[in-house]
Amino acid sequence: MQQVVLDRWFGFQSAFDHPVVLWASVGIVAALVISSATVAVLSAMGRLDDSTKTELRRRIASWCVLAPLMIGPILLGAAWTILAVVVLGLCCYREYARMTGLFREKLLSLLVVVGILAVGFAVADHWYGFFMALGPLTMLVIAALAILSDRPKGYVQRVALGVFGFFLFGMGLGHLGYFANDGDYRPILVLILISVELNDIFAYLSGKLFGRRKLCPQTSPNKTIGGAAGALVLTTTLVAIVGHRVFADGVMDSPAHLIGLGLIVSVAGQFGDLMLSSIKRDVGIKDTGSVLPGHGGLLDRFDSLLLVAPAVFHYIRYFQGIGLDQPVRILTGGAG
Amino acid sequence: MQDFDLKPANDLGMTHRQRTMSLARESGLIETGTHFAYWAMMRTYLRVYHRMSIRGRENIPAQPPYVMVANHSSHLDALMMVSVQRWRLRDKVFPLAAGDFFFETPAMAAFATLCINALPLWRNNCGRHVLGELRKRLISEPCAFVLFPEGTRSTDGKIGSFKAGLGMLVAKSSVPVVPCLISGTREALPRDKRCPRPRRVSLTIGQPLTFTDVSNDRSGWEQVANKTQRAVEALTDGSGGAA
């Protein structure tokens, strides 16, 4: 295997080479320390009632576990990043399948899992053709093999749930993993993860401040137009400023391109959030699981990322390409 | 357009421990895989080491729901009862196991859920409520249960009296009860031994009984238990089927 691939996959020595990665990591640690300290001080002063205190503590504790799990693999290397994305995809699919009842269809569930693993392989191999082919191929395998149980009643539902699940957690998150094939993947991924998470928080805060009219009350009663607009402005600003450092001197480094990127992150992020709300409303449940105390399931936390990853991927790829200077088909050999 | 019929997992939102103990537990992909692997291994083991012979396999209903019952004298009994099922249905068959033995320690509970797919029955608390929950699951899912109505392993090899709880599962329903007779397992793995000996074991499966007209109350339950017990005992003469 070529040295350049090994460096990208396992080269944790270069983790903090880019200032954005360094400052983002410092910022995350600082945010966790400061928020825990604030809660500790406020509860010592007796300013928090018991339920708020436990709720805040659980949320911070969850973040103390989640943040290292999200940032850690990116710092360690591209191989770990891709592995983490595949594991995340499988865990999210599990919650989705248990929520929609698709898990009772063992064969279809197995096909989706195999599809997600195949996406992981295509991404690790840096084989764009196979990565893109897996969308239609998995769909046709699911549609074909779903016939074998010989139960036409509910066929459309089973196939639709399987294909939807694969596209969300295989292809959608797979795009996030594919960024790791870029030579400079760390700052891009850090930018995406942080802006998507902050987009949620911006929407929540601006909604509290000047949210009056409801956005779509049937889907998610707490979301307001004010919150959505506030998040759009704040996230776009953040992405434009940080993106200027991430894409320094690249094709993407122009105000128009960066503002476009920010808008895509914010809009797709909010749609992702609403998408999960729609799924939950349709099924009739509140939380997707109980993995993260204070957050609900993993899906509740990563919903915004599902739509952002492919949208941002193809936007950046259109303007400046992704992983152009990196060797392709690392594992399979052959031409790209 | 018709809405999709989305049914979330019945054990959604439970913690790991709650889920392990729950009668509503549903297998995921990994558990289904371990169940199939475990039963394939056990079937081979019983065939090779114990020369398991089976009679009346055609008496097992083709589709769930149904309840398999037998006399009980050894831990091998449940293994035999599940490993003779059609392989497609093996993940839908739940042995009802004593909670105070199979779900007492975390290691044992992991074995009970990952390998034998057991649902816990607590000997001091298996009244109307618990059995009602099982009855609902049996009919609505549908699935199959393996249970030993004597309630415990026999010490002397004789068939003890069947408990009326069986009746609570099936009285006034069309769910068939399949009476089975197990022999040889007491010699192969007695109650007080840990290591099984290479003795022959055999399983005779009788014709299914249904209790559609039996009332779902105390007298009906006892009627179900007695009738099933007689059907199991009738299999001892080697006729292979009795009703």
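With under 26 Å from A:D17 (Cα atoms), open to solvent by 20 Å² or more (accessible area, probe 1.4 Å) and more than 11 Å from every other protein chain (Cβ to nearest Cβ) as the only criterion, which of A:L83, A:L145, A:L189 stands out?
Result of the check over A:L83, A:L145, A:L189: A:L83.
Each residue in segment A:196-220 was checked for being at pLDDT below 90, part of a loop (DSSP other than H, G, I, E, B) and not small (G, A, S), and 1 of them qualify.
Yes/no per residue for (1) of a type in the set (A, V, I, L, M); (2) under 22 Å from the mean Cα position of the chain (by Cα); (3) not in a helix (DSSP H, G or I):
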{"position": "A:A24", "(1), (2), (3)": "yes, yes, no"}
{"position": "A:A37", "(1), (2), (3)": "yes, no, no"}
{"position": "A:R47", "(1), (2), (3)": "no, no, yes"}
{"position": "A:L56", "(1), (2), (3)": "yes, no, no"}
{"position": "A:L66", "(1), (2), (3)": "yes, yes, no"}
{"position": "A:I74", "(1), (2), (3)": "yes, yes, no"}
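Here is the figure for segment B:60-90: residues that are over 15 Å from B:V175 (Cβ atoms), assigned to a helix (DSSP H, G or I), open to solvent by 10 Å² or more (accessible area, probe 1.4 Å) and not aromatic (F, W, Y) total 4. Can you name every residue in segment B:1-26 that is assigned to a loop (DSSP other than H, G, I, E, B) and either more than 9 Å from chain A (Cβ to nearest Cβ) or more than 20 Å from A:I285 (Cβ to Cβ) (or both)? Selection gives B:M1, B:Q2, B:N10, B:S22, B:L23, B:A24, B:R25. Looking only at segment A:54-73, which residues are of a type in the set (K, R) and exposed (fewer than 15 other Cβ atoms within 10 Å of the Cβ)? Within segment A:54-73, just A:R58 meets the criteria.
Within segment A:229-245, residues that are closer than 15 Å to A:G211 by Cα and of a type in the set (A, V, I, L, M, F, W, C) have Cβ atoms under 6 Å from residues that are modelled with pLDDT under 95 and surrounded by fewer than 19 Cβ atoms within 10 Å (Cβ to Cβ) in no pair, counting only partners at least 6 apart in sequence or on another chain. Can you name the residue in segment A:109-119 that is more than 10 Å from every other protein chain (Cβ to nearest Cβ) and open to solvent by less than 10 Å² (accessible area, probe 1.4 Å) and is also nearest to A:L331 (Cα to Cα) among such residues? Filtering segment A:109-119 for residues that are more than 10 Å from every other protein chain (Cβ to nearest Cβ) and open to solvent by less than 10 Å² (accessible area, probe 1.4 Å), the one nearest to A:L331 (Cα to Cα) comes out as A:V119. Among the residues of segment A:282-306, those identified as at pLDDT below 85 and more than 8 Å from every other protein chain (Cβ to nearest Cβ) are A:K286, A:T288, A:V291, A:L292, A:P293, A:G294, A:H295, A:G296, A:G297.
The lone criterion from (1) free of Cβ contacts under 8 Å to residues at least 40 places away in the same chain; (2) assigned to a helix (DSSP H, G or I); (3) within 14 Å of chain B (Cβ to nearest Cβ); (4) surrounded by 15 or more Cβ atoms within 10 Å (Cβ to Cβ) left unmet by A:L258 is number (3).
The values are calculated or read from the model by the stated rules, or taken from the named source; none is laboratory data. Note that this is a predicted model, so its numbers are computed, not measured. Neighbour counts are summed over all protein chains in view; Cβ atoms, including those assigned to glycine, are modelled from backbone coordinates with ideal geometry. Note: areas computed on protein heavy atoms with side chains; ligands, DNA, RNA excluded. Shrake-Rupley method; radii C 1.70, N 1.55, O 1.52, S 1.80 Å.
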